[in-house]
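First comes the structure, then the notes that go with it.
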Amino acid sequence: MQKLLLIAVLAAATTSAEPLAPAAQAEARALREKALADDTALDLVRSLTTEVGPRSAGSPGDARAVAWTVAKLKSLGFANVRAEPVTVPRWVRGEARAEITAPWPQPLAVTSLGGSLGTPPEGVEAEVVPVTTLADLARQPPERIAGRIVFFTGRMERTRDGAGYGRAVATRGQGAAEAAKLGAVAMLMRSAGTSARRTPHTGAMSVADGAPPIAALALSNPDADLLERQLASGLPVRVRLASTARYDGEAQSANVIGEIPGRDLRDEIVLLGAHLDSWDLGTGAHDDATGVGIVTAAARIAGSMRERPRRTLRVVLFANEEFGLSGAKAYAAANAAAIERHVVGLEADAGAFQLNGLAARVDPDRLPLVRAIQALLEPLGIGYAGTEASGGADLGQLRELGMPVIDIDSDAAPYFDLHHTADDTFDKVDPELLRQHVAAYAVVAWLAATVEGGFGRLPVAVAAPAAIR
Ligand SMILES: [Zn+2]
């Protein structure tokens, strides 16, 4: 009898501590199944990649993307749809070419890194010096580098968590600047991507302070292999390269915002972010049209449930993530005073591949709630992935101001075969995986907008891993 009583008491205690009420769990399951049968996101990704296409910051495609998004959010029934102006730098890729001129002449598949300067019209020709990494470059005697083309050979590791990208991207960001300081006349790098195709990988780089600006080009992986094989001969290897890349001042873009107003806690915001811009080589399908489709569809479906979210779901489609986070900085500056109203943020910016985890950087007291939310996503293959959530590149600004963030993780290995290359196109989007992403984001958004209490606050300027972009 005593034992039975104890069990009954324990059962009652467990029930009262249950972070999600049974009715909320049932509604979340219904929402998950509804999203798995909905193609709003697929329609958006198809439309954005087909009717707008490449949309790098400040380009005509970027302006069309802003207009497209305003029209789509309105037609999908979002409230308070607006385009908040953001000033962005305008960089123009132009044409880039490169060829080995000795010992065995061959053309190379290359593309300019974003922000690279061009060459004189006649191009640049010099001997190639291979180095593996930035640290390897720093060990070189300056006379070995001066007057030559530095070639970074380091290969990005292909992993499910995408960790290899963080290492490869350091070379992309700083390689040209460091090489220029040592007198290099140009920089080549093996693409910061894992594609085995002749599709070189672009992405942002920075120009050196105080060193002469030099052209910086990425080689596709097979072309980097070719150049390495010629270097392995021990003969001097020479490359000629030319680029017409240039800056063209600043341009106007916008963060496009739409809301599903909350039922009674209307001033409290659950933020769903993705970025509207893309690099220009492909049509920005996985980076980040899928993110645009996922967060937009998730908010719409969550808002269509019989039980409307209590808090407001705010979708923000950020300007210029790729070349300086202009939209994220503008949104954070405009909302710093209202940061307490941002209950939690989720970003979609890693494509739409196999889901695998949920990580949450929240007040530790709220982790039982996070675990209860994650349990509802188990049928989608989403396990618990710990507390090291970054919030992504665009939401990182708000996380540093104290907004809790939840990351929904997926397989990064196929993503970095396509990311920032000409292969990032609509045919690579798997409709079923896209629906699964929408279901996961919709469930998290609806629960976050419905549960009692929020996720606490984070310490301001918490140190978190740099986000991928
Ligand atoms: Zn992206």
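Since every read-out is calculated from the coordinates, none of them should be taken as a lab result. Computed from a prediction, not measured in an experiment: that's the story for all the values here. Note that we place each Cβ from the backbone using ideal geometry, even for glycine, and neighbour counts take in every protein chain shown.
Observations on the structure shown:
- Among 228-235, 210-217, the order from most to least packed when residues are scored by Cβ within 10 Å on average: 210-217, 228-235
- Scalar couplings 3J(HN,Hα) for segment 189-203, obtained by applying the Karplus form with A = 6.51, B = -1.76, C = 1.60 to θ = phi - 60°, are 9, 5, 3, 7, x, 10, 5, 8, 9, 7, 10, x, 10, 9, x Hz; x denotes Gly and Pro.
- Reported to the nearest whole Å, the Cα centre-to-centre distance from segment 347-372 to segment 102-149 is 42.
- If you take the Cα centroid of segment 275-307 and the Cα centroid of segment 33-99, the two points sit 9 Å apart.
- Distances between placed amide hydrogens fall under 5 Å for residue 129 paired with 149, 150, 151, all partners being 5 or more residues away or on another chain.
- Net charge, residue 210 excluded, C-beta distance under 13 Å - Lys, Arg +1, Asp, Glu -1: -1
- When the Cα positions of 327, 213, 284 are compared along the charge dipole of segment 176-334, 284 comes out farthest toward the positive end, with charges on each C-beta of Lys, Arg, Asp and Glu.
- Counting charges near residue 407 (Lys, Arg +1; Asp, Glu -1) among other residues having Cβ under 13 Å from its Cβ returns a value of -4.
- Only helices enter this figure: runs of n ≥ 4 DSSP H residues, each worth -39500 (n - 2.57), summed and divided by the residues of the chain, yield -10500 deg cm²/dmol at 222 nm to the nearest 500.
- Summarising the strand pairing of the chain, around 55 percent of its internal DSSP beta bridges are antiparallel.
- Cα centroid of segment 402-420 to Cα centroid of segment 164-232, whole Å: 23 Å
- Sequence ranges 149-159, 359-369, ranked by mean other-Cβ count within 10 angstrom, highest first: 149-159, 359-369
- Relative contact order of the chain, defined on C-alpha pairs under 8 angstrom at six or more residues apart (%): 22 percent
- Legend: calculated FRET efficiency, residue 333 to residue 102, from the Cβ-Cβ distance at R0 = 60 Å, rounded to 0.05, equals 0.70.
- Residue-wise HN-Hα couplings along segment 166-175, as the Karplus relation 6.51 cos²θ - 1.76 cosθ + 1.60 with θ = phi - 60° gives them from phi, are x, 6, 5, 6, 5, 5, 4, x, 10, x Hz; Gly and Pro carry x.
- 3J(HN,Hα) along segment 413-422: 5, x, 4, 7, 7, 10, 2, 6, 10, 5 Hz, from the Karplus curve 6.51 cos²θ - 1.76 cosθ + 1.60 with θ = phi - 60°, whole Hz, x for Gly and Pro.
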